[in-house]
Amino acid sequence: MRNDRHGIDDKSSVRGGLDLSSASWRRLPGSSGDCGNESGGPVEYAFVTHGNATYAVLRQGLESDGTVLVFTPSEWDAFLLGVRDGEFDRPR
């Protein structure tokens with residue numbers, strides 16, 4: 001399924017059912033607490049169980065009531081593999 005403004009949001013039913021009130025939010029390593037150049041402050045993540053799966057969620061730390069990105073377990077695993085493989089490294 002595609003996730004764009006013309007596609008289907010395949011996590012819409014999950015997103016509304018996640019209980020973020022009990023989430024244990026942690027700051028991403030290297031995510032600045034100084035908002036000088038960051039619009040939303042440090043990036044925070046948590047793992048939230050819903051049904052029989054644990055989802056990874058991300059948010060801007062200063063916008064705790066703002067947008068939360070939700071990743072399925074397979075999406076999160078694929079992202080971490082890409083990070084470890086250098087897929088997202090800045091060009092030098």
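The values are calculated or read from the model by the stated rules, or taken from the named source; none is laboratory data. Fair warning: this is a prediction, and the values are worked out from it, not measured in the lab. Cβ atoms come from the backbone with ideal geometry, glycine included; neighbour counts cover every protein chain shown. To get the accessible areas, we keep the full protein, side chains included, count just its heavy atoms, and leave off ligands, DNA and RNA. Shrake-Rupley method; radii C 1.70, N 1.55, O 1.52, S 1.80 Å.
With Val48, Val43, Val83, Val68 as the choices, which residue is open to solvent by 60 Å² or more (accessible area, probe 1.4 Å), hydrophobic (A, V, I, L, M, F, W, C) and at pLDDT 85 or above?
Sole residue among the options that is open to solvent by 60 Å² or more (accessible area, probe 1.4 Å), hydrophobic (A, V, I, L, M, F, W, C) and at pLDDT 85 or above: Val83.
In region 51-65, what count of residues is obtained for those that are open to solvent by less than 50 Å² (accessible area, probe 1.4 Å) and either assigned to a loop (DSSP other than H, G, I, E, B) or touching a Phe, Trp or Tyr at 6+ places or on another chain (Cβ under 8 Å) (or both)?
Qualifying residue count, region 51-65: 6.
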